[in-house]
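Notes follow the structure.
The values are calculated or read from the model by the stated rules, or taken from the named source; none is laboratory data. From a predicted model like this one, the values you see are computed outputs, not experimental measurements. Note: ideal-geometry Cβ built from the backbone for every residue, glycine included; neighbour counts use all protein chains shown.
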Amino acid sequence: MTAQDSGKRSDYLSWDDYFMSVALLSAQRSKDPNTQVGACIVNRQKRIVGVGYNGFPTGCSDEALPWHREGDFLDTKYPYVCHAELNAVLNSVPGNLAGCSIYTALFPCNECAKVIIQAGIREVVYLSDKYAATDSFRASRRLFDQAGVVCRQLKPASRIVTITLDENG
Ligand SMILES: O=c1[nH]c(=O)n([C@H]2C[C@H](O)[C@@H](COP(=O)(O)O)O2)cc1CO
Ligand SMILES: [Zn+2]
């Protein structure tokens, strides 16, 4: 029987697009007004073992800390926010992340690169590389290169994935 004869849907999501969509859906939880990042960790069996998004640490109110980008360092989000990749690792089901892939909306910064490498994650799949010119991201590339972590930018087969929360399906 050919794939066509089987009657199977043809417009289903590829694995890559599916995992990136999970990362982006998770990013929708972020309170950051400028950059919402989501990350999804997938093991060798293609099972999702962790997701996360950028946000303040557990117990720190989203209203009590600043979301600003500019001003005195302590009045910006930067010293307080946990990055999506870090949260995905920390939120992952207890076990071994060795050999996993991480799908992330934004190429990881150097601090997340360290966490990814130390967790044993071997592949980074990213969408945006908007900060590629900064030193932090140059450092990430250097770390990933030396540690042998493969990085690839996703070229999605589906640019738009629609989810409608409608009780009538
Ligand atoms: O690897 C990352 N993962 C991640 O979650 N983030 C978060 C931290 C901030 O909340 C936001 C970046 O903010 P901005 O683009 O305004 O500088 O994205 C940022 C990076 C890269 O800096
Ligand atoms: Zn980071």
Inset, instruction - Just need a number here: residues in segment 121-169 that are acidic (Asp, Glu) and outside any helix (DSSP H, G or I). - result: 4
Inset, instruction - Collect the residues in segment 89-115 that are within 12 Å of the chain's Cα centre (by Cα), without any contact (Cβ under 8 Å) to a residue 60 or more places away in the chain and either closer than 15 Å to residue 58 by Cβ or more than 9 Å from ligand 2 (Cβ to nearest atom) (or both), keeping them in residue-number order. - result: 89, 107
Legend entry - Elements of type strands (runs of 3 or more DSSP E) contained in segment 1-109, each with 2 or more residues being more than 16 Å from ligand 1 (Cβ to nearest atom): 48-53
Inset, instruction - Among what's in segment 121-159 and is of a type in the set (S, T, N, Q) and without any contact (Cβ under 8 Å) to a residue 12 or more places away in the chain, pick the residue that is surrounded by the most Cβ atoms within 10 Å (Cβ to Cβ). - result: 134
Legend entry - Matching option when the condition is in contact (Cβ under 8 Å) with a residue 60 or more places away in the chain, under 26 Å from residue 159 (Cα atoms) and more than 16 Å from ligand 2 (Cβ to nearest atom), among 37, 49, 42: 42
Inset, instruction - Sort through 77, 31 and tell me the only one that's out of contact with any helix residue (DSSP H, G or I) (no Cβ under 7 Å at 6 or more places or on another chain), within 15 Å of ligand 2 (Cβ to nearest atom) and either closer than 30 Å to residue 94 by Cα or of a type in the set (A, V, I, L, M, F, W, C) (or both). - result: 77
Legend entry - Subset tally (residues that are of a type outside the set (S, T, N, Q) and in contact with a strand residue (DSSP E or B) (Cβ under 6 Å, 6 or more places away or on another chain)) for segment 23-45: 10
Legend entry - Residues of segment 125-158 classified as within 18 Å of residue 99 (Cα to Cα) and either out of contact with any helix residue (DSSP H, G or I) (no Cβ under 7 Å at 6 or more places or on another chain) or modelled with pLDDT under 95 (or both), total: 6
